[in-house]
Amino acid sequence: MNYIDVALIVIIVVIGFRGFASGFVAEFCSLVGVLLGVYLGSVFASPMGNALKNVYNFGSTTIHTTLGFIIVLLVCWALFVLLGVVLASKLVFLRLDFLNKGLGFVFASVKVFFIFSFIAYAVSQINFIRENFAQSAREKSQMYVNMINVAQKIMHLPVVDGALQNLSNISQGKASAESFAQGVEELKQAAQQSVSGK
């Protein structure tokens, strides 16, 4: 463990105290809202964009699709934040507030670790960084190695690959009915696997 590891651990712990203040339920619901919002946004951006076109036509499919993605993301996130507030108030009533805050600290710390992992992974894909910093960091920092390994495993999950492909299509203006249908099919398969797993 060197100064990089120490600095990362300190930052993660400090930010973790924010989770203690807000509580596990609020932190969890907020994160789920963002992740689910990104996924659903990548799937339903095109049909939402078409609906917006009926309200006001910006003259650009890319603009409509991007706005559709943002709206789905924000609505999903807002609903889960509201759900978190309601559930957190129930825990206070049941006198489980301290447990909620303690788990909030742990969850927030883990969440920050994942965020740093994705940042490290993204930065490591830049040629200049990879050639001049990444190798040295791998040799000196165990935290950096763990973060890269975690990010690589998550990035290669089928659901993540599908969402990233949809987002890429949106950014390139290629979102279509086919990508929408594919996304719906992925949701059906995930639901079927969940039911069969039970």
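The values are calculated or read from the model by the stated rules, or taken from the named source; none is laboratory data. In this text the structure is predicted, and so the values were computed from the model without any measurement. Cβ atoms come from the backbone with ideal geometry, glycine included; neighbour counts cover every protein chain shown.
Assorted remarks:
- Single condition ILE63 does not satisfy, out of (1) within 15 Å of the chain's Cα centre (by Cα); (2) surrounded by 15 or more Cβ atoms within 10 Å (Cβ to Cβ): (1)
- Out of ALA181, ALA163, ALA134, one residue alone is over 21 Å from the mean Cα position of the chain (by Cα), modelled with pLDDT under 70, in a helix (DSSP H, G or I) and under 20 Å from VAL72 (Cα atoms). It is ALA181.
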